[in-house]
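Let me begin by presenting the structure, written as structure tokens, before commenting on it.
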Amino acid sequence: MAALVLRGVRPYGEAPVDLVVAEGQIVEHAQAGRGYGEVIDADGLIALPGLVDLHAHLREPGKEDAETVLTGSQAAALGGFTAVHAMANTDPVADTAGVVEQVWRLGQRAGLVDVRPVGAVTVGLAGRQLAELGAMAASAASVRVFSDDGQCVFDPLVMRRALEYVRAFDGVIAQHAQEPRLTEGAQMNESVLSGQLGLTGWPAVAEESIIARDVLLAGHTGSRLHVCHVSTAGSVEVIRWAKARGIDVTAEVTPHHLVLTDELVRGYDPLFKVNPPLRSAEDVQALRQGLADGTIDAVATDHAPHAKEAKDCEWSAAAFGMIGLETALSVVIETMVFPGLLDWHGVGDRMSASPARIGRVHGQGQGLDVGAGANVCIVDPQARWEADPALMASKSQNTPYAGRSLPGKVVHVLHAGRPTVLDGRLA
Amino acid sequence: MRHLLSAADLGHDEAVMVMDTASQFGSIADRTVKKLPTLRGRTVVNLFYEDSTRTRISFELAAKRLSADVINFAAKGSSVAKGESLKDTALTLEAMGADAVVIRHGSSGAPHRLAHAGWISGSVINAGDGTHEHPTQALLDAYTMRKALCGGKGDLAGLRVAIVGDILHSRVARSNVLLLRTLGADVTLVAPPTLLPHGVQAWPCRTSMHLDDVLGEVDAIMMLRVQSERMQDSYFPTAHEYSQRYGLDASRLARLADRAIVLHPGPMNRGMEISAVVADSGRAVMVDQVTNGVIVRMAVLYLLLGARGPRDVRPDADMPVSA
């Protein structure tokens, strides 16, 4: 395979080099203009390690009208990702080796990103009986992240057992923290606004109380815990406390919780209906701060495609979720980089190295040094673009950013040394 | 004004105008021939996703007295029961030429969605949505208070009103707080803390957890229906305890000011939030509320539709403006 040269690129925004790639690896940082091989012009653009998403819903099998592993992979590649975790709440549920292997093979066939299936913690996401976690770990899909996402592993005994059991194969339980009794019928963040709009509230304490319980369980059992889509200031505090105690907990935040607030619910447009719900401006600030100081380890999209009819209806009938793979990096640039909360090394850590480490994803998140796997995202941070759902690769159009101007355009992406995106288009 | 979705859609002068207009229609209601030709040729659809005979027939009568054609579209026994979406139902009504859709829906915000999603071009009137609002109920309540306590003119400045009961789940309370405040009244919400909404401190009213504390200082007291099933969700221990602490009985009635009136949006749970003695007393104005409901809804239909030409004259004159 001939060498590729990313000409004049600035790794993490530093001085320009020619990044030379061969045999799926970064082999040289040559002086700009001097690298030898097939040239991809990246003059002045910023190189980041290929992004890794810990949390996406690719909907296949079962909801192929909303997304497939192929279209989800395309959206991911265009968003700068080189690895994506596919959540288990498919139909059938990814609670057996057979289903996770199927999803993994579909990812291999698409060939655009590493599709890492997430296994369900419990059979059918029902929260009662452990799924065959070991079989999924030992399968061709090598599952390491287990989650009932969409449902909380609520039974404290089942949660304890799951946390303990996956230690045998270095797995992690990724908890969707939502106290079910406190969120019966919940429609939006519990706030002054929910009272005014007459929508049943989803109180912050329903998230925080589960996280508090889980970090104590993880501490007690010496297990590893990952918290999905942290959405409240109180959750950040609990996780900060747990980390200070030495508990092995990691956490993710979604791009939309870094930028959108519950004020958007005022118009009852279900595009803004998501679980956990959009919170207050104070929560948004606390999440940004938590991501900046490392309390929150990773940005994860919670990309949740839905067919048109699931959003083209009244609020309470609508599905929860919004797509996010193609806008994630832009939102992080707007909310974290431009305000000075994260530099480009920080972005590389929160969107590549940390999620790869949490998910035990081999060959990803290795950075841009010589010898690292050639997973590279090249971004033009100054370019602005207008989010247009009709132009997105995702099969669904439920983006909350339609018509919004976003900074940062993904220009080129290399996955395992092969271009998947060139000049902003699928290669 | 194009739609009536929330009591907050009405400014002070508009709300007074609705009541003044209703007052004029009230004089017609006393005639032998009660019908006006105002909305002849216009079509009003009552789109009811919840059973509510009293609200539906009130709107139906109001539209008919203005000579509009009225279609009752009940979710039960229609294609809705088979799972047709709100959107498809709306498109159907639009294709049939509805000038106004009066909607009752269990989902908060459904009328807002109907008005602003671009599905229909006619006016939307919220006849109660989920636990959100019921603006025409607030208008008829305000009208009833104005007639009984304020000489039937102007606004409600200085009037002291208590709203008692399940505020949390009450669309009537939300609309009343907004409208009564607009009209200058002082509102106190009375309920056990479990039945007050989160963030109620930010509402333009006071709150109290003790009915006995407010009885002596109100001109009107509105008792809300409390479903005894709420005790299954631990909102209160038993219906008996609720009634003891928050029910309006004869002894509490005796402590009201002499001129104070008792309202209830109905249907009443006699023996729960209101005793039969109170419900049947001369202080209770529930029958007036029903009478006033018709003329207030006539006024709303007239002001939304009468001022605009028939829809086929200006089909795209003013498409909904999205919020």
### Query
Taking amide H positions as placed 1.01 Å from N in the peptide plane, with prolines and chain starts having none, which residues 5 or more places from A:W202, or on another chain, fall under 5 Å of its amide H?
A:Q187, A:M188, A:N189, A:E190
### Query
Which cross-chain or sequence-distant (5 or more) residues have an amide H under 5 Å from the amide H of B:I163, H modelled 1.01 Å from N in plane?
B:T188, B:L189, B:V190, B:M222
### Message
Through the Karplus equation 6.51 cos²θ - 1.76 cosθ + 1.60, θ set to phi - 60°, convert the phi angles of segment A:216-225 into ³J(HN,Hα) values in whole Hz; use x for Gly and Pro.
### Response
5, 5, 5, x, 5, 8, x, 9, 9, 10
### Task
Please give every one of the lysines within straight-line cross-link reach of B:K34, meaning a C-alpha to C-alpha distance under 19 Å, and leave out same-chain neighbours fewer than 8 residues apart.
B:K64
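Taking Cα pairs under 8 Å and at least six residues apart, what relative contact order does chain A come out at, in percent?
On the way: 1089 pairs, mean separation 79.7, N = 427.
Reported relative contact order: 19 percent.
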### Message
Output wanted: per-residue J couplings in Hz (rounded whole) for segment B:64-73, from phi through Karplus 6.51 cos²θ - 1.76 cosθ + 1.60, θ = phi - 60°, x for Gly and Pro.
### Response
5, 5, 9, 6, 6, 7, 10, 10, 9, 10
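What relative contact order, as a whole-number percentage, does chain B give when Cα pairs under 8 Å and 6 or more residues apart are counted? Before the final figure, lay out the partial values.
Working: 613 pairs, mean separation 67.5, N = 323.
Rounded, it is 21 percent for chain B.
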### Task
For peptide B:101-107, compute the average count of partner chain beta-carbon atoms within 10 Å of each residue's beta-carbon.
2
#### Entry: Estimated FRET transfer efficiency when R0 is 22 angstrom, pair A:R245-A:R161 (beta carbons, to 0.05)
0.50
### Summary
Diffusion coefficient in µm²/s returned for segment A:38-83 by Stokes-Einstein, Kirkwood Rh over C-alpha pairs, 37 °C and 0.692 mPa s, is 266
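Can you compute the helix-only [θ] at 222 nm over chain A? Use -39500 (n - 2.57) per DSSP H run of at least 4 residues, normalise by all residues, nearest 500 deg cm²/dmol. It would help to have the intermediate numbers written out before the result.
Values: 12 runs with 110 residues, N = 427.
Counting only the DSSP helices, I get -7500 deg cm²/dmol.
Nearest 500 deg cm²/dmol is fine: what mean residue ellipticity at 222 nm does chain B get from its DSSP H runs of n ≥ 4 alone, each adding -39,500 (n - 2.57), divided by its residue count? Present the calculation step by step, with values, prior to reporting the outcome.
On the way: 11 runs with 111 residues, N = 323.
Calculated at 222 nm, the ellipticity per residue is -10000 deg cm²/dmol.
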## Note on the structure
Excluding residues fewer than 8 positions from B:K87 in its own chain, the aspartates and glutamates with Cα under 14 Å of it are A:D269, A:E309, A:D312, A:E314
#### Entry: Derived scalar couplings ³J(HN,Hα) [segment B:198-211; Karplus, 6.51 cos²θ - 1.76 cosθ + 1.60; whole Hz; x for Gly, Pro]
4, x, 5, 4, 8, 7, x, 6, 9, 10, 9, 9, 10, 4
### Query
Can you work out the FRET efficiency for the pair B:Q244 and B:V33, with r the C-beta to C-beta distance and R0 = 56 Å, to the nearest 0.05?
0.65
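Evaluate the relative contact order of segment B:37-148 (contact order divided by residue number), counting alpha-carbon pairs under 8 angstrom at least 6 apart; express in whole percent.
On the way: 176 pairs, mean separation 28.7, N = 112.
Once normalised by length, the contact order is 26 percent.
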### Query
Near the amide H of A:Y268, under 5 Å away, which other amide H atoms are found, from residues 5 or more places off or on another chain, if H is placed in the peptide plane?
none
### Global size of segment B:135-289 as Cα Rg and Dmax, reported in angstrom
14.2, 44
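Based on the mean of other Cβ atoms within 10 Å per residue, sort peptides A:81-87, A:233-239, A:333-339 so the most packed one is first.
Working: A:81-87: 30.3, A:233-239: 22.7, A:333-339: 18.1.
So the peptides A:81-87, A:233-239, A:333-339, ranked by packing, come out A:81-87, A:233-239, A:333-339.
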### Message
Using 27 Å as the Cα-Cα cut-off, could you pick out the over-long pairs in A:K243/A:K311; B:K35/B:K153; A:K63/A:K243?
### Response
A:K243/A:K311; A:K63/A:K243
### Query
So for chain B: antiparallel DSSP bridges make up what percent, rounded to the nearest 5?
5
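Could you list A:M159, B:M231 so that the one with the fewest beta carbons within 10 Å of its beta carbon is first and the one with the most is last?
Working: A:M159 26, B:M231 16.
Least to most surrounded, the residues fall as B:M231, A:M159.
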### Message
As a test, work out the antiparallel percent of DSSP beta bridges whose residues both lie in segment A:47-359, rounded to the nearest 5.
### Response
5
### DSSP beta bridges in segment B:36-147 [antiparallel fraction, %, rounded to 5]
5
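About the Cα centre of chain B, how large is the charge dipole given +1 on each Lys and Arg Cβ and -1 on each Asp and Glu Cβ? Please answer in debye to the nearest 20.
Working: 35 positive and 34 negative charges, 144 e Å.
Computed charge dipole of chain B: roughly 700 debye.
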#### Entry: Reference-scaled alpha-carbon Rg (2.2 N^0.38 Å with N residues) for the protein assembly as shown
1.10
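Taking a ≥ b ≥ c as the square roots of the eigenvalues of the Cα gyration tensor of segment A:47-359, is the shape rounded (a/c under 1.5), prolate (a/b larger than b/c) or oblate? Show your work: numbers first, answer last.
Details: a/c = 1.19, a/b = 1.14, b/c = 1.05.
Verdict is rounded for segment A:47-359.
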### Query
Using alpha-carbon positions, what is the distance between the centroids of segment A:116-149 and segment A:1-76, in Å?
30
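Laboratory data are not the source of any read-out in this text; all were calculated from the coordinates shown. This structure is a prediction, so every number in the text was calculated from the model and none was measured. Neighbour counts run over all protein chains shown; Cβ positions are idealised from the backbone, glycine included.
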